[in-house]
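Nothing in this text is a laboratory measurement; each read-out follows from the coordinates by a stated rule. Keep in mind it's a predicted model, so treat the numbers as computed, not measured. Virtual Cβ from ideal backbone geometry, glycine too; neighbours counted across all protein chains shown.
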Amino acid sequence: MVARLKARAPQLLTAGAIAIASAAVLLAQPPARTVNGLQVSVKSVEHTAKASLRDCPPGTNTVNAVQRPGDEIAVVTVDFKVMPDFKPVMMKRPTATAADDKVYNTSIQFVDVGSVPEYSCQFVYRVPQGTKLKTLQIEGASFDISGLESK
Amino acid sequence: MEIDRRAFIAGLGGAAAVAGMSDEAKADALEHYMEDQLDAGVAAQRGQTAPGQPETFQTVAEIEAQIETRPYRRGVGGVFVGNRGQNVKKIEPMPDKPSIQDFFRLRFAPANHVLQSATRAMKTGMSEEIILACLLHDCVLSLIKPDHGWWGAQLFEPYIPEKSAFAIRYHQTLRFFPDEEAGYEYPDQYYRIFGKDYTPPQYIQDTYKWLKNHKWYMEPRLVTVNDLYAFDPNAKVSIEPFEDVIGRHFKSPKEGLGFDNSPSAHMWRTLARPDSPL
């Protein structure tokens, strides 16, 4: 029994590490909230050199935003679920606020937000290199995303 | 070039999505895929990038070096050259009194990009002047490409609201200048088309300075905002949702476009008869 456990130790350690990492990501995620009849869950923040410009819900647009000197692109991934009390509504583009309180706009627009029951959107923010985002604002609801930024 | 069929179909959203696409959309998607693959291959050969690395873009000089590799100039209008290097085909004659819808069907088709752009403007609650401007903003590319904002505005000016013509004329300028607050990014496709080190000519920069303080700045800006998001090979669009907007804002001449003696009538006739030698 002990020998069998010893043999499986690397796998168990890996599984444990994955579980801890997943738990850490889950803990960092702000709680889901309902906005305009949509359940909104912020999933991640990534910094990248290039990002797809696709509306929300996303189609398959082929145009990308690319990094310019001194800039980087922060991509905030948000899951949406259409709730039973949803009523069609025009929604403003979400904004993101950085640690220094500067507000950034995205070019990603909400288009037909009730057209599919569940979807994931990536909001693209062009920010100066090294910028850490603090909050995401969607229609007056503010989500703390500071825990999703890598340290 | 070898096509990774599975990756290509997956990239389009799967077999069901491909089955629903028109032949033209499939051809465009394939061409785009092949161009991307070709670009990646060429770049990798030049040691510019490795698989999975950010795309690199040609310089203005490299793009100019390709001029003498083509039997036509890049600025030629779409009705005057064959698709994908093929010979041109006979085109269906226009009706005696052609309408804007006839031009959409017979000369601007498939017009996917402008239809997608106008659809987005409509779905995001923009004004009818902007929806119309989005619908018409690139149609003149069938006639001519350089300075298409000015040519396009001139083509439509006798028939549409002043704000729509203004938006069409100046979207050409504003597309080179990002405006994050308005929701406009500088797209990677311009690096591809113009070169990564491209600087807009002085008249474009002067026009931009003038536009920034113009009370109608947002009219052309909103055309550029919708422009970026209208390159979706899977989008299903048609001109039908815009019939009412056209009916309310496009003054269709009873003689038909090209025969109403307007300042742009000759441009419509040229589009109607592109095989005319003189």
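A single member of A:Ser107, A:Ser115 is facing another protein chain (nearest Cβ under 10 Å), within 22 Å of B:Glu185 (Cβ to Cβ), free of Cβ contacts under 8 Å to residues at least 60 places away in the same chain and of a type outside the set (Lys, Arg), and it is A:Ser107.
Please specify each residue of region B:63-87 satisfying the condition of being part of a loop (DSSP other than H, G, I, E, B) and either without any contact (Cβ under 8 Å) to a residue 12 or more places away in the chain or of a type in the set (Gly, Ala, Ser) (or both). Scanning region B:63-87 gives B:Ala65, B:Gln66, B:Arg70, B:Pro71, B:Tyr72, B:Arg73, B:Gly75, B:Gly77, B:Val81, B:Gly82, B:Gln86, B:Asn87. Highlighted here are the strands (runs of 3 or more DSSP E) found entirely within region A:49-118 that include at least 1 residues which are under 22 Å from B:Gln116 (Cα atoms): A:50-52, A:64-66.
Checking each residue in region B:162-192 for being in contact (Cβ under 8 Å) with a residue 12 or more places away in the chain, under 19 Å from B:His148 (Cα atoms) and within 12 Å of another protein chain (Cβ to nearest Cβ) picks out B:Arg175, B:Pro187, B:Gln189, B:Tyr190, B:Tyr191, B:Arg192. Within region B:212-251, the residues that satisfy the criterion of being more than 9 Å from chain A (Cβ to nearest Cβ) and aromatic (Phe, Trp, Tyr) are B:Trp216, B:Tyr217, B:Phe242, B:Phe250.
Looking at the structure I just gave you, is B:Leu141 part of a helix (DSSP H, G or I) and either surrounded by fewer than 24 Cβ atoms within 10 Å (Cβ to Cβ) or within 14 Å of chain A (Cβ to nearest Cβ) (or both)?
Yes, satisfied.
Applying the criterion of being free of Cβ contacts under 8 Å to residues at least 24 places away in the same chain and within 7 Å of chain B (Cβ to nearest Cβ) to the residues of region A:44-69, the residue that is surrounded by the most Cβ atoms within 10 Å (Cβ to Cβ) is A:Val66.
Annotation: of all residues in region A:74-91 being within 14 Å of another protein chain (Cβ to nearest Cβ) and over 17 Å from the mean Cα position of the chain (by Cα), the one that is farthest from A:Thr131 (Cα to Cα) is A:Pro88.
Reported count of residues in region B:126-138, each being surrounded by 23 or more Cβ atoms within 10 Å (Cβ to Cβ) and part of a helix (DSSP H, G or I), is 7.
Of all residues in region B:126-144, those that are among the β-branched types (Val, Ile, Thr) have Cβ atoms under 6 Å from Cβ atoms of residues that are buried (at least 24 other Cβ atoms within 10 Å of the Cβ), 6 or more apart or on another chain, in B:Ile130/B:Ala121; B:Ile130/B:Leu222; B:Ile131/B:Ala118; B:Ile131/B:Ala121; B:Val140/B:Gly152; B:Val140/B:Leu155. Scanning region B:161-203 for residues that are more than 19 Å from the chain's Cα centre (by Cα) and among the charged types (D, E, K, R) turns up B:Glu162, B:Lys163, B:Asp179, B:Glu180, B:Glu181, B:Lys196, B:Asp197. Only a single criterion out of (1) farther than 24 Å from B:Gly258 by Cβ; (2) away from chain A (no Cβ under 14 Å); (3) over 20 Å from the mean Cα position of the chain (by Cα) is not satisfied by B:Asn83, namely (3). For region A:123-137, filtering for residues that are touching a Pro at 6+ places or on another chain (Cβ under 8 Å) and either away from chain B (no Cβ under 13 Å) or in a loop (DSSP other than H, G, I, E, B) (or both) leaves 2.
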